[in-house]
Structure formats: C-alpha cells, structure tokens
Amino acid sequence: MQKPIIKALLIVSALFSSACYADESTLQTSAPETEKPVLEQVQNERIQGYLSELSDAHAYIGGYVHSVGEGIDNFFGDESSEVVQKGSRLIVYTPFTFYDNGETVSSLNFRALIDLPKTNHRWKILVSSFEGDEEQNVNSVTNSESLSNTSQKTVTEDSQNTLAGRYLFNASKNTFSHIDIGLKFINYIEPNPYIQYKVRYKKELTKALQSRTTQNIYLERDRGLAWEGRQVFDYQLDPKWLARSQTSGTWWRDDEEVLINQKAILFEKINSFRARAYFVEGNWNIDNQDTLFESVSLGMNWRERVYKDWLFAELEPRASWYESNNFSEPVYSLRLMLEMHFYQLR
C-alpha cells in the first residue's frame, strides 16, 4: 500500500515540474480558463501521460481503501444488509513550510476514515498520523471550512498516530454528534488511550448570518481531561465574499491553563475550484497567575482544485509576531501543500 502512495506522490512531483516547463500554447483549450482546473487544461502529451499514470494510481489506491473498508464492514456489520454506497476515504497531505531564517519543515500526513454502512451507518474507523478537524479538510474548495486552518493547538491536533472507532449519535441538517474511542501512540509505540465526545449546532440567525457552535469533551491517559469550544459566525456579504469570526477556547484540567484563539477571515470565492482566504488571528494563554497575549499573525491562503475532484494545492504566506521577542521582529513563512483524496470511483 505504501509503494503506490509514494509512486502517486512522485508522479505529482514530476507532473508539476513538467508543467513549469510546458510551452504556454500547450495550456490553451477551447474552453474558458475558469471552467476547468489548471491541469485539466494541459495539452502537452508528456504531462497527459503523467496524468494518466496518476489516475491509474488513484484508482488502484482508492479501490484498495474501498476493499479494506468492505472487509471490515462485513466483519462487524450485519450480513443481511446489502449496502452499495460507501464513503471510505484516504487523504494524504504533504505540507512544506519555508521560514525566513532559512529553516524548512516538511511532513507526510494521512487520514483514513473507513465507513461501515452495515452497522446502520453508525460506526466508522479512523486511522490517522495526526488528529486535526476533518471539517477543515473537506473535498471542496467552495466550502470555506477548507480554508480555515489555524495555528492554534487544539485538543485534537497532536502529532500522534491514531486508531479509533467513531460512533455517530446524530446527524441532521443542523446538528451532529459523535464519540471517538481509541488509541494514540506516543513516540510511535507507547499507547495513549483516549475518548472524545463532540457535538455541533448550526443555526441560521438571518438570511445572511449563520452561527455554528461546537463543544468537544476529551479525556486521555497522558494529559488528562480537556474541554474545547468553538463559536463561528459567518456573514455572506454576496455570492463571492464571506466574512467569518471564529473564537476557540481550550481548557486542560491537569495543566490548569486555557488557550484562546480569535480569528477573523475574509473568504473570496473565485470560481467552483479556486478560493482565497485573508486572515488575522491572535492567541492568548490564561493560567492561575496571568493572562498572556502570545502571538498575532496575518496571512493569505490560496486553495485550488488542480485536477478532477481529488487533487488540491494550497499556498499560504504568513507573517507572525510573538511575545517571546516582544513582538519586535516578524517571522515570515510560506507553506506549500498538496492534498490527495483516494476513494472508490463510481
């Protein structure tokens, strides 16, 4: 399974290298530029060959993820149930960040969510190299959640491998709730059992203003009990622009500290496969002794679907000021990321 993923990433790298040197005339098509993602406009034969190989790798890995999910579903589910639709998906992220001091940070992250429809659509299996919020990694650049990444560490953003079962309590138009029970692995081998309950409420306050409230209660062996709350207000200025206020708070019982993040975001929808987000955010740390304003950042996120509905790219320049150096010198960074979704093609 690892070799096909590496092959797919190598093909993507070769693909973008070739695209950089492709003649401008090879990018022209009869359709307007805004109607297709950038790689679907390419006419260069060599690049089209790479795209064909990439599609084959995607189909192979997507089929593998589907068959694994089907086997697990047959084991745990009711054999009398005949279910056709499955939503098993593997997402691979390759973030690469440049800093102005010359340092670079890169990683290869993944998240697999195995759907088990024969359990009456109640159970999923989560396997991940990190624990972020999947709402921020949806398969659509038109959904503004996909651009609302934050640098604040939350209760579920540890860099730990995770294996968990997820049970869905409720999933309606305005409310969903689930519980995760499983293991994280500290330093790859030390098991860290955890349980997490999450509920979200959505409400339309006016025709243009929408509210989302998320509550997250978390308990693990290593760091103990935590609570996280998030309040989001979205205001649709017009079909192209959306303004967001996002407030997040995290409380760790054993550490006796509260982390607060406030973020203001302005989303710009360019078309159905391209969007930009302009943001400013601040972070506070509150403990028994003091309230500390830790950092402030501003930046822009450019997210684009570059091929079909499973290959995405992001570009995010950011400037950050920190209390540790009295906010005197900004830290500049540039994050590049490819995001690939593998699933069963229908």
Please work out how much length the chain gains when fully extended from Asn326 to Asn101, using 0.36 nm per residue of separation minus the C-alpha to C-alpha distance, in nm with one decimal.
79.2 nm
Computed over the range 295-339, Kirkwood Rh from alpha-carbon pairs, angstrom:
11.9
In what order do Thr175, Thr206 fall by count of nearby beta-carbon atoms within 10 Å, going from fewest to most?
Thr206, Thr175
Among the listed pairs Lys202/Lys240; Lys124/Lys203; Lys184/Lys240, which are separated by more than 32 Å between their Cα atoms?
Lys184/Lys240
For a quick check: sort Ile61, Ile181 by the number of other beta carbons within 10 angstrom, fewest at the front.
Ile181, Ile61
Provide the gained length on full extension for the span Ile195 to Asn170, in nm with one decimal, where the gain is 0.36 nm per separating residue minus the Cα-Cα distance.
7.2 nm
Using the Cα centre as the reference, give the magnitude of the dipole from point charges on the C-beta atoms of the range 171-281 (Lys, Arg: +1; Asp, Glu: -1; all else neutral), rounded to the nearest 20 debye.
760
Relative to the present Cα-Cα distance, how much length would full extension add between Arg221 and Leu334 at 0.36 nm per residue of separation?
37.1 nm
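Values in this text are rule-based calculations from the coordinates and carry no lab data. If you're wondering where the values come from, they're calculated on a predicted model, not measured in any experiment. Every residue, glycine as well, gets a Cβ built from its backbone with ideal geometry; the counts of neighbours run over all protein chains shown.
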